[in-house]
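Enquirer: Below you will find the structure I want to go over with you.
Throughout, read-outs are computed from the coordinates displayed, never taken from laboratory work. Note that the structure is a prediction, hence the values are computed from the model and not measured. As a convention, Cβ positions derive from the backbone with ideal geometry for all residues, glycine included, and neighbour counts pool all protein chains shown.
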Amino acid sequence: MALSRKYRLTLYKLLSLFSVVRGYNILMVVLAQYLASIYILSPDVPLRSVLLDPQLFIIVFCSALVIAGGYIINNFYDAEKDLINKPTKSMLDRLVSQRFKLTTYFILNFSTVFAASAISFKAVLFFSSYIFGIWLYSHKLKRIPFLGNLISALLAIAPFFVVFVYYKNVETVIFFHAGFLFFVILARELIKDLENIAGDVALNYRTLPVLYGTRLSKAIIGCLLLLAILPAAFLISSYEIGHMYLYFYPCIALLLGSVYLLNRAENKGHFVWLHNILKFIIVSGVFGILLIDVHLVLNRIL
């Protein structure tokens with residue numbers, strides 16, 4: 001019985017750590033990096049060469065470690081706020097001690113720098129800067145209205161930037177994809193501030209909704225949602241994106257619908273819905289990359 005109880009406790013702690021580092025999000029980033037590498041950044045390179053590229057693997061691996069560490073340090077600084085905004089998740093996260101979280105954070109960061117050194121000094125410099133940027137955001141910048149949200153969105157697309165630099169692909173279509181993702185993520189970050197306003201007020205976080213109210217915040221979010229439509233429309237009308245228009249057309253409809261829902265949103269439940277809609281757009285976009293060349297997908301599978 002004691003062994004069974006110990007086994008359950010260990011299982012709960014592993015589940016807690018997975019919740020803290022948001023393992024599901026990291027898996028999606030890893031998948032997105034590989035799919036972007038295969039279908040957008042190096043479409044003419046054989047699949048086997050991309051998948052077995054050791055330097056790309058290290059880049060993706062280091063990105064995953066940094067993101068995991070970022071979630072840990074963010075969880076560490078937001079522990080009090082999460083007790084108010086996310087009590088259920090917070091109780092699960094607290095099964096792992098703060099000391100263990102910090103130890104894991106430093107191990108992940110050290111492992112990242114060590115692994116990056118196998119590529120080049122530039123890789124070490126990039127990932128060291130990425131680690132520092134996440135810490136600075138979690139410790140200071142996230143409390144600055146709008147700037148914190150802007151930095152968060154930039155940090156979110158950084159893993160794709162490093163892959164873009166690795167392949168030295170400077171086609172403008174890449175920037176339109178990145179622009180679409182950036183505006184959606186930035187809008188989502190601001191919606192999270194509206195969603196978590198109770199905890200922010202209680203702990204004196206100087207977010208946009210706390211300082212300037214929900215009306216101005218909703219107006220800015222609405223503008224960002226409409227701005228996200230522009231790169232999507234350019235990609236559909238001006239670039240060869242295969243069947244990916246089947247992803248962007250519904251996204252445009254969802255973004256317009258989100259603007260309507262945003263105007264009518266009044267409570268946390270409404271903002272959670274909007275948050276989930278934008279999250280769905282982001283996650284489905286990962287698999288939408290496969291639509292760029294359906295025949296290529298089928299050929300590579302078969």
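Enquirer: Test of understanding: given the chain, find the longest segment containing no GluC sites (Glu not before Pro) that are in a DSSP loop and have at most 12 other Cβ atoms within 10 Å.
Expert: Working: sites that count: Glu171, Glu240, Glu266.
Longest gap between qualifying sites, sites excluded: 1-170.
Enquirer: Could you work out Rg/(2.2 N^0.38 Å) for region 171-302, with Rg from alpha carbons only? Intermediate results must be reported in sequence, preceding the final value.
Expert: Working: Rg = 16.8 Å, N = 132, 2.2 N^0.38 = 14.1 Å.
That ratio works out to 1.20.
Enquirer: Tell me which aspartates and glutamates have Cα within less than 13 Å of Lys218's Cα, excluding those fewer than 8 residues away on the same chain?
Expert: Cross-link targets: Glu189, Asp193, Glu195, Glu266.
Enquirer: Cut-off is 10 Å between beta-carbons; in what order do His177, His275 appear when sorted fewest neighbours first?
Expert: Values: His177 24, His275 18.
If I rank by nearby Cβ atoms, fewest first, I get His275, His177.
Enquirer: Tell me, Cys251, Cys223 in order of fewest to most beta-carbon neighbours within 10 Å? Write out the running numbers ahead of the final one.
Expert: On the way: Cys251 20, Cys223 13.
With the sparsest Cβ surroundings first, the list reads Cys223, Cys251.
Enquirer: If you don't mind, another one. What are the aspartates and glutamates whose alpha-carbon lies under 16 Å from the alpha-carbon of Lys168, with same-chain residues fewer than 8 places away excluded?
Expert: Excluding near neighbours in sequence, the set is Asp44, Asp53.
Enquirer: Follow-up. Total Lys pairs in region 47-156 closer than 17 Å by alpha-carbon, pairs eight or more apart in sequence or interchain only? Before the final figure, lay out each step's value.
Expert: On the way: Lys81/Lys89; Lys81/Lys140; Lys81/Lys142; Lys89/Lys101.
Going through region 47-156 pair by pair, I get 4.
Enquirer: Restricted to Cα positions, what overall size does the chain have along the principal axes? Three whole-Å values, descending.
Expert: Result for the chain: principal-axis Cα extents of 51, 49, 42 Å.
Enquirer: Could you tell me the calculated FRET efficiency between Ala233 and Tyr24, based on Cβ-Cβ distance and R0 = 35 angstrom, to the nearest 0.05?
Expert: Values: r = 30 Å, r/R0 = 0.87.
After rounding to 0.05, the efficiency reads 0.70.
Enquirer: Let me ask something additional. Sum -39500 (n - 2.57) across every DSSP H segment of at least 4 residues in the chain, then divide by the residue count to get the 222 nm mean residue ellipticity, nearest 500.
Expert: Numbers: 15 runs with 246 residues, N = 302.
About -27000 deg cm²/dmol.
Enquirer: Moving on to the next point. Would you mind calculating the gained length between Glu266 and Val170 on full extension (0.36 nm times residue separation, minus the Cα-Cα distance), in nm to one decimal? Working shown, then result.
Expert: Values: separation 96, 0.36 × 96 = 34.56 nm, distance 4.26 nm.
So the extension gain works out to 30.3 nm.
Enquirer: Counting other beta carbons within 10 Å of each residue's own, what order do Tyr166, Tyr130, Tyr239, Tyr39 fall into, fewest first? Could you put the intermediate results ahead of the total?
Expert: Details: Tyr166 18, Tyr130 24, Tyr239 14, Tyr39 21.
Exposure proxy ranking, most exposed first: Tyr239, Tyr166, Tyr39, Tyr130.
Enquirer: Contour minus end-to-end for Leu203 and Ala118, with contour as 0.36 nm per residue of separation and end-to-end as the Cα-Cα distance?
Expert: 26.3 nm is the gain from fully extending Leu203 to Ala118.
Enquirer: Are there any helices in the chain, counted as whole DSSP H runs, that stretch 20 Å or more along their axis by Cα and score at least -0.5 on average by Kyte-Doolittle, and if so which?
Expert: Values: long enough: 2-21 (29 Å, 0.66); 54-77 (35 Å, 1.53); 98-116 (27 Å, 0.61); 121-139 (27 Å, 1.07); 147-167 (30 Å, 1.99); 172-195 (34 Å, 1.31); 208-238 (40 Å, 1.68); 245-264 (29 Å, 1.13); 268-288 (29 Å, 1.02).
Flagged H segments are 2-21, 54-77, 98-116, 121-139, 147-167, 172-195, 208-238, 245-264, 268-288.
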